[in-house]
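Accompanying notes for the structure given below.
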Amino acid sequence: MPNEQERLPRWQFRKQKKLEKRRKKRKEIAESREVPKEIENQKGEEYEQQKAQWEANEVKHKVIELARLKAIEKEKESRKIAQKKWQEILLSLPLSPNSNKFTLKKSKKESNLKTFVPSSEAEPKRRTYRDRFLEQKAKKKNAF
């Protein structure tokens with residue numbers, strides 16, 4: 001660097017100031033990146049606390065889930081036992097002498113099915129103009 005007595009040309013002075021600003025900015029950014037050890041330790045402790053809390057919650061949930069599964073299993077077993085008891089009771093019931101003979105009541109059910117009725121039976125055949133003409137012609141013949 002030149003002495004204070006010597007003056008630099010304007011463009012060199014500006015360039016020098018610009019470079020100093022850049023160095024200063026880089027230095028500040030680098031210092032801000034370096035996290036102090038105290039803050040790191042605090043974050044680490046906080047993380048450990050959260051991890052311990054999470055693991056405790058996991059253990060609680062596992063215990064609850066195991067209890068639920070055991071309850072379901074016991075319920076299934078009790079159902080099986082109850083079903084076996086009912087089967088034993090039903091098989092041990094004495095059969096009455098009339099129980100092996102049974103009759104079915106046969107009843108004729110009336111069906112509601114609609115059947116097709118041909119139109120020739122239901123209605124008399126309609127007379128057409130041709131039929132009327134032929135009848136009139138026959139009447140005229142018979143009249144003579």
Exactly one of Glu38, Glu46, Glu34, Glu28 is charged (D, E, K, R) and under 46 Å from the mean Cα position of the chain (by Cα), and that one is Glu46
Determine if segment 61-69 includes at least one residue that is surrounded by 10 or more Cβ atoms within 10 Å (Cβ to Cβ) and β-branched (Val, Ile, Thr). yes
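Every read-out reported here was derived from the displayed coordinates using simple, explicitly stated rules and does not represent laboratory data. These numbers come from a predicted model, not from an experiment. Quick reminder, even Gly has a Cβ in these numbers, built from the backbone with ideal geometry, and neighbours come from all protein chains shown.
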